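Read the figures in this text as sums done on the coordinates, not as results from a lab. Computed from a predicted structure; not experimentally measured. Here Cβ is always computed from backbone atoms with ideal geometry, including for glycine, and neighbour counts include all displayed protein chains.
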Amino acid sequence: MIRTVLLAVVGLGAGALAAPAPVAALQGGDTPRFETTAVAEGVYRFRWQAHVAFFVVGERAVAAFDPLNPEAAAVYAREIRRVTDRPVRWIVYSHSDADHASGAAVLAEGTGGGAEIVATRAAVDDIMRRASPDQPPPTVTFERTLSLDLGGRTVELHYLGPNHSDNSLVALVPDARVAFAVDFVNADRVGFRDLPGWHFPGQTVSIRRMLGLDFDTVVFGHGPVGDRAAVFRQLEYWDALERAVRDAVRAGWTEDEAAARIRLERFADWGGYEDWFELNVRGAYRIIAGAEGGGR
Ligand SMILES: [Zn+2]
């Protein structure tokens with residue numbers, strides 16, 4: 001009897017020791033370089049390494065967001081062709097940053113050509129200034145909203161004002177209640193480093209406007225797919241950061257004092273908090289103090 005129990009324990013021990021190897025392998029080199037997943041009928045998320053793109057298939061046409069870069073765009077084109085043979089009529093830049101908006105020519109060519117390139121009006125200057133051969137300028141622009149007719153369904157593009165950039169759009173697929181938003185919101189992550197190019201109060205203003213759109217699911221430009229609640233949590237984070245930094249600026253704290261004293265513990269388990277939260281404070285401080293003319 002005792003002997004049997006001991007054997008069973010030994011057996012369990014051996015199993016527990018054996019388990020970590022495959023788990024570690026899955027978390028390491030086995031993460032595929034890219035993947036395409038359906039988030040709703042005819043609505044797809046294409047991930048390339050740490051960047052995420054998005055495409056929508058209608059009865060007559062496809063809208064493809066963010067070619068990412070020329071290497072990714074070649075794979076992205078093949079992935080679109082794997083699920084549909086309908087023409088890609090629009091390639092849409094979520095915003096002008098090169099890591100999301102490069103490779104449109106490769107994506108167009110790989111899907112048969114003839115696509116219009118769409119971006120917000122506000123993106124044009126930045127793209128012209130970059131003058132990158134990998135980043136052809138848009139052929140269609142819009143000020144506030146634009147509706148793309150894919151046949152049997154539409155995709156709405158909304159410019160919600162400055163946030164992470166001054167020219168980001170949010171896409172909405174009304175019939176699937178899916179949105180696509182890049183860089184200014186992510187699933188339970190703080191902002192990127194010291195918030196280069198960011199805008200306050202535009203950041204919180206545009207998240208509020210985004211929450212006025214009718215969506216249940218949101219595909220982010222980085223990280224996992226989220227829901228409405230994830231966007232609410234982003235609003236809470238950016239609101240709390242902006243408020244804390246404005247109070248610090250008004251109280252006459254220096255940037256170093258603000259960076260040392262401001263903590264938002266309820267977001268401490270968020271992605272990037274440990275490495276980037278203090279940088280978020282510093283970046284927000286410079287932007288807000290600069291705008292209020294009270295920076296030191
Ligand atoms: Zn960006």
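For region 219-231: of the residues being under 15 Å from the mean Cα position of the chain (by Cα) and hydrophobic (A, V, I, L, M, F, W, C), which is surrounded by the most Cβ atoms within 10 Å (Cβ to Cβ)? Steps first, please.
Restricting attention to region 219-231, the residues satisfying the condition of being under 15 Å from the mean Cα position of the chain (by Cα) are 219-228, 230-231.
In the following step, the residues that additionally are hydrophobic (A, V, I, L, M, F, W, C) were identified as 219-220, 225, 230-231.
Working: Val219: 28, Phe220: 24, Val225: 15, Ala230: 19, Val231: 23.
Once the filter is applied, the top-ranked residue is Val219.
If you filter region 91-102 down to residues that are hydrophobic (A, V, I, L, M, F, W, C) and surrounded by 24 or more Cβ atoms within 10 Å (Cβ to Cβ), you find that the one that is farthest from the chain's Cα centre (by Cα) is Ile91.
Just need a number here: residues in region 151-205 that are aliphatic (A, V, I, L, M), in a loop (DSSP other than H, G, I, E, B) and within 13 Å of the ligand (Cβ to nearest atom). Break it down into steps so the answer makes sense when it comes.
Applying the first criterion (aliphatic (A, V, I, L, M)) to region 151-205 yields 155, 157, 160, 169-173, 176, 178-179, 181-182, 185, 187, 190, 195, 205.
Right, trim to in a loop (DSSP other than H, G, I, E, B) and you get 160, 176, 182, 185, 187, 190, 195.
With the extra rule that they be within 13 Å of the ligand (Cβ to nearest atom), the set shrinks to 182, 185, 195.
Residues that pass the stated criteria total 3.
Across region 136-146, the qualifying residues are those that are in contact (Cβ under 8 Å) with a residue 24 or more places away in the chain and not hydrophobic (A, V, I, L, M, F, W, C), and the one among them that is surrounded by the fewest Cβ atoms within 10 Å (Cβ to Cβ) is Pro136. Selection over region 184-217 of residues that are touching a helix residue (DSSP H, G or I) at 6+ places or on another chain (Cβ under 7 Å) and among the β-branched types (Val, Ile, Thr) gives a count of 4.
Pick from region 261-278 the residues that are closer than 11 Å to Gly191 by Cα and free of Cβ contacts under 8 Å to residues at least 24 places away in the same chain: which of them is surrounded by the most Cβ atoms within 10 Å (Cβ to Cβ)?
The first filter runs over region 261-278 and keeps only residues closer than 11 Å to Gly191 by Cα, leaving 270-273, 275-278.
Narrowing the set further to residues that are free of Cβ contacts under 8 Å to residues at least 24 places away in the same chain leaves 275, 278.
On the way: Asp275: 10, Glu278: 17.
Once the filter is applied, the top-ranked residue is Glu278.
Within region 72-86, is even one residue within 16 Å of the ligand (Cβ to nearest atom) and surrounded by 15 or more Cβ atoms within 10 Å (Cβ to Cβ)? Yes, some residue in region 72-86 is within 16 Å of the ligand (Cβ to nearest atom) and surrounded by 15 or more Cβ atoms within 10 Å (Cβ to Cβ).
Residues in region 90-108 that are away from the ligand (no atom under 16 Å from the Cβ), in a strand (DSSP E or B) and under 15 Å from Leu68 (Cβ atoms): Ile91 alone. For beta carbons closer than 8 Å, sequence separation of 6+ or different chains, a first residue in region 86-115 that is within 16 Å of Ala74 (Cα to Cα) and among the charged types (D, E, K, R) and a second that is assigned to a loop (DSSP other than H, G, I, E, B) and within 16 Å of the ligand (Cβ to nearest atom), the qualifying pairs are Asp99/Asn69. Taking (1) of a type outside the set (Ser, Thr, Tyr); (2) surrounded by 19 or more Cβ atoms within 10 Å (Cβ to Cβ); (3) in a loop (DSSP other than H, G, I, E, B) in turn, Pro133 satisfies each apart from (2).
Taking the options Thr145, Thr111, Thr141, name whichever one is polar (S, T, N, Q) and either under 15 Å from Ala64 (Cβ atoms) or within 16 Å of the ligand (Cβ to nearest atom) (or both).
Values: Thr145 fails: either under 15 Å from Ala64 (Cβ atoms) or within 16 Å of the ligand (Cβ to nearest atom) (or both); Thr141 fails: either under 15 Å from Ala64 (Cβ atoms) or within 16 Å of the ligand (Cβ to nearest atom) (or both).
Step by step, each of Thr145, Thr111, Thr141 is checked, and only Thr111 is polar (S, T, N, Q) and either under 15 Å from Ala64 (Cβ atoms) or within 16 Å of the ligand (Cβ to nearest atom) (or both).
Note on region 235-260: among residues that are closer than 18 Å to Gly202 by Cβ and free of Cβ contacts under 8 Å to residues at least 24 places away in the same chain, the one that is surrounded by the fewest Cβ atoms within 10 Å (Cβ to Cβ) is Arg243.
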